[in-house]
Amino acid sequence: MAADALVFRRVRAVDPGRGLDARVDVVVEGSRITRIGPDAGESIATSERVRVVEAPSAWLLPGLIDLHVHLREPGEEYKEDLSTGLRAAAAGGFVDVCAMPNTSPVNDTRAITEMLVAKAKSLGGTRLHPIGAITVGQKGEALTEMADLREAGAVAVSDDGRCVTSSSVMRRALEYASTFDLPVIQHAEDHALTQGAQMHEGAVSSRLGLRGWPRTAEDIIVARDVLLAEACRARYHVAHVSSLGTVRILREAKSRGISVTAEVTPHHLLLSEAALLGYDTGCKVNPPLRTEEDMASLREALADGTIDCIATDHAPHSSLEKDCEFALAAPGMVGLEVCVPLLLGLVHDGVLSLARFVDALSLAPARLVGLAVPSIAEGSYANLTLIDPGARVTIDPSRFYSKGHNTPFAGRVARGRVLATLVEGRFVHDESERDETGEL
């Protein structure tokens with residue numbers, strides 16, 4: 001028998017957008033939140049047609065949003081498809097994800113965007129928002145029909161995986177995208193400086209005998225693009241920031257009021273180049289893991305808002321692409337199902353405030369791509385994530401919903417578990433359906 005209402009009893013509800021951080025009841029009826037407050041659900045909690053979630057140690061947050069995922073469909077469904085990717089997203093606490101266009105074929109047309117939107121909607125779980133390509137085929141030459149992409153459901157444009165290195169093309173892209181209020185998301189990499197590179201250029205790359213990737217390859221592109229964005233009055237977003245130099249550029253640009261935003265991944269916040277000392281292909285990512293100094297700069301920038309949000313850059317690969325010689329291994333690691341337990345460590349350690357954690361994973365990403373900002377408020381849609389911050393979990397890739405098991409965090413013990421994810425009042429993930437093994 002379906003419940004008429006849902007009551008979260010005595011949870012800690014945290015919504016920095018409303019200044020809410022209180023232990024309350026939250027009542028959901030249908031698709032919306034109807035009541036919030038101490039004992040707001042007491043009067044109906046005993047009804048047989050009301051589901052009660054008693055979670056006094058849990059945090060109820062606005063639903064999480066990931067700006068940067070690779071779901072591999074169309075073209076590489078053996079690595080991931082929409083069904084498995086969106087199921088993994090739901091298990092990770094995400095109510096919305098934005099899928100990058102570097103599929104096969106590239107999402108550079110209305111038809112592919114519409115197909116992705118329609119298929120994701122039919123699955124009925126975490127919602128998908130495609131990101132269209134900046135240039136046809138991601139070749140860095142002719143611009144895509146951004147008006148068509150926008151109408152079909154694209155929320156931004158990016159050639160992620162390939163940098164738009166031509167200043168002329170990037171300028172025209174910024175000008176064209178600005179007419180539709182589309183953010184342009186740049187994969188900042190001067191390919192002339194990274195040809196053949198395998199990891200960050202420094203002492204560790206020298207020790208391992210691997211060709212290095214200088215951080216200036218990122219900084220140069222970001223510096224150029226900031227100037228172009230200022231001139232074009234366009235919205236510019238830097239994907240997966242990895243460099244302390246980029247942080248400095250962003251900080252200066254924001255001080256001058258330029259419309260520049262940025263994201264950082266969990267792995268760039270938690271791992272340095274030292275993780276590659278054993279030639280672990282699970283740690284091979286693009287951009288590469290950098291130094292402890294870079295990592296400290298990224299954490300500081302996220303905490304103070306210079307970096308706006310966290311994005312997983314979920315990049316599933318099969319063993320074919322990872323269990324091989326380091327130079328031949330594909331870059332990337334999965335992130336959707338490990339993001340919350342890994343990054344809650346930064347909250348527990350005082351690196352990030354809880355409010356900043358929630359803003360970076362929910363409110364800020366929504367604002368950046370023009371989605372409705374999730375809110376814990378009476379009358380708002382119940383797009384919610386319920387987390388047990390104290391639960392100890394062992395990360396076990398064999399239990400992922402994602403087809404991708406490529407993570408260097410396997411076996412790590414973390415604190416924090418996603419208990420439930422709701423999209424418009426519907427459970428798209430309910431951890432109580434799993435067995436009590438303490439594993440993810």
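Check whether at least one residue in the range 357-367 is assigned to a strand (DSSP E or B) and touching a residue at least 12 places away in the same chain (Cβ under 8 Å), and report yes or no.
no
Please find, among PRO101, PRO105, the residue that is in a loop (DSSP other than H, G, I, E, B), open to solvent by 20 Å² or more (accessible area, probe 1.4 Å) and modelled with pLDDT of 95 or more.
PRO105
Would a scan of the range 189-197 turn up a residue that is in contact with a strand residue (DSSP E or B) (Cβ under 7 Å, 6 or more places away or on another chain) and closer than 23 Å to ARG251 by Cβ?
No, the range 189-197 contains no residue that is in contact with a strand residue (DSSP E or B) (Cβ under 7 Å, 6 or more places away or on another chain) and closer than 23 Å to ARG251 by Cβ.
List, please: which pairs have Cβ atoms under 9 Å, are six or more places apart or on different chains, and start with a residue in the range 257-282 that is touching a residue at least 24 places away in the same chain (Cβ under 8 Å) and under 17 Å from LEU208 (Cα atoms) and end with one that is surrounded by fewer than 21 Cβ atoms within 10 Å (Cβ to Cβ) and hydroxyl-bearing (Ser, Thr, Tyr)?
Partner pairs satisfying both residue conditions: GLU273/SER205; GLU273/THR291; ALA274/THR291; LEU276/SER205.
Out of the range 133-154, which residues are open to solvent by 10 Å² or more (accessible area, probe 1.4 Å), under 23 Å from ASP313 (Cβ atoms) and either in contact with a Gly (Cβ under 9 Å, 6 or more places away or on another chain) or among the small types (Gly, Ala, Ser) (or both)?
Those that are open to solvent by 10 Å² or more (accessible area, probe 1.4 Å), under 23 Å from ASP313 (Cβ atoms) and either in contact with a Gly (Cβ under 9 Å, 6 or more places away or on another chain) or among the small types (Gly, Ala, Ser) (or both): GLY137, GLN138, GLY140, GLY153.
Taking the range 158-193, which residues are β-branched (Val, Ile, Thr) and outside any helix (DSSP H, G or I)?
Within the range 158-193, VAL164, THR165, THR179, VAL184, ILE185 qualify.
Among the residues of the range 112-119, is any within 14 Å of ALA156 (Cα to Cα) and of a type in the set (Asp, Glu)?
Within the range 112-119, none of the residues are within 14 Å of ALA156 (Cα to Cα) and of a type in the set (Asp, Glu).
Quick check on ARG417: is it farther than 20 Å from VAL24 by Cβ, touching a residue at least 60 places away in the same chain (Cβ under 8 Å), part of a strand (DSSP E or B) and not acidic (Asp, Glu)?
Considered against the rule, which asks whether it is farther than 20 Å from VAL24 by Cβ, touching a residue at least 60 places away in the same chain (Cβ under 8 Å), part of a strand (DSSP E or B) and not acidic (Asp, Glu), ARG417 comes out as yes.
Within the range 11-28, can you find the residues that are in contact (Cβ under 8 Å) with a residue 40 or more places away in the chain and surrounded by 16 or more Cβ atoms within 10 Å (Cβ to Cβ)?
Once the filter is applied, which keeps residues that are in contact (Cβ under 8 Å) with a residue 40 or more places away in the chain and surrounded by 16 or more Cβ atoms within 10 Å (Cβ to Cβ), the range 11-28 yields VAL11, ARG12, ALA13, VAL14, ASP15, PRO16, GLY17, LEU20, VAL26, VAL28.
Could you tell me which of the residues GLY416, GLY411 is within 24 Å of VAL347 (Cα to Cα) and open to solvent by 40 Å² or more (accessible area, probe 1.4 Å)?
GLY411
Tell me, which strands (runs of 3 or more DSSP E) wholly within the range 1-93 include 1 or more residues that are under 22 Å from the mean Cα position of the chain (by Cα)?
5-15, 59-62, 64-69
Quick test for you: out of GLY63, GLY85, GLY92, pick the one residue that is touching a Phe, Trp or Tyr at 6+ places or on another chain (Cβ under 8 Å), crowded, with 21+ Cβ neighbours inside 10 Å, in contact (Cβ under 8 Å) with a residue 60 or more places away in the chain and not basic (Lys, Arg).
Only one candidate passes the filter, namely GLY63.
Is it the case that the range 342-358 has a residue that's open to solvent by less than 10 Å² (accessible area, probe 1.4 Å) and over 25 Å from PRO316 (Cβ atoms)?
yes
Given the conditions (1) touching a Lys or Arg at 6+ places or on another chain (Cβ under 6 Å); (2) closer than 25 Å to ALA327 by Cα, report the number of the one that ASP294 does not fulfil.
Failed condition: (1).
Only one residue in ALA133, ALA154, ALA173, ALA91 is of a type in the set (Gly, Ala, Ser) and within 20 Å of PRO287 (Cα to Cα). Which one?
ALA133 is the lone residue from the list that is of a type in the set (Gly, Ala, Ser) and within 20 Å of PRO287 (Cα to Cα).
Which of the numbered conditions does TYR401 fail, given that it passes all the others? Conditions: (1) outside any loop (DSSP other than H, G, I, E, B); (2) open to solvent by 70 Å² or more (accessible area, probe 1.4 Å).
(1)
The values are calculated or read from the model by the stated rules, or taken from the named source; none is laboratory data. Because the structure is predicted, anything quoted here is derived from the model rather than measured. Cβ atoms come from the backbone with ideal geometry, glycine included; neighbour counts cover every protein chain shown. Areas reflect the complete protein model, heavy atoms only, side chains present, ligands, DNA and RNA absent. Shrake-Rupley method; radii C 1.70, N 1.55, O 1.52, S 1.80 Å.
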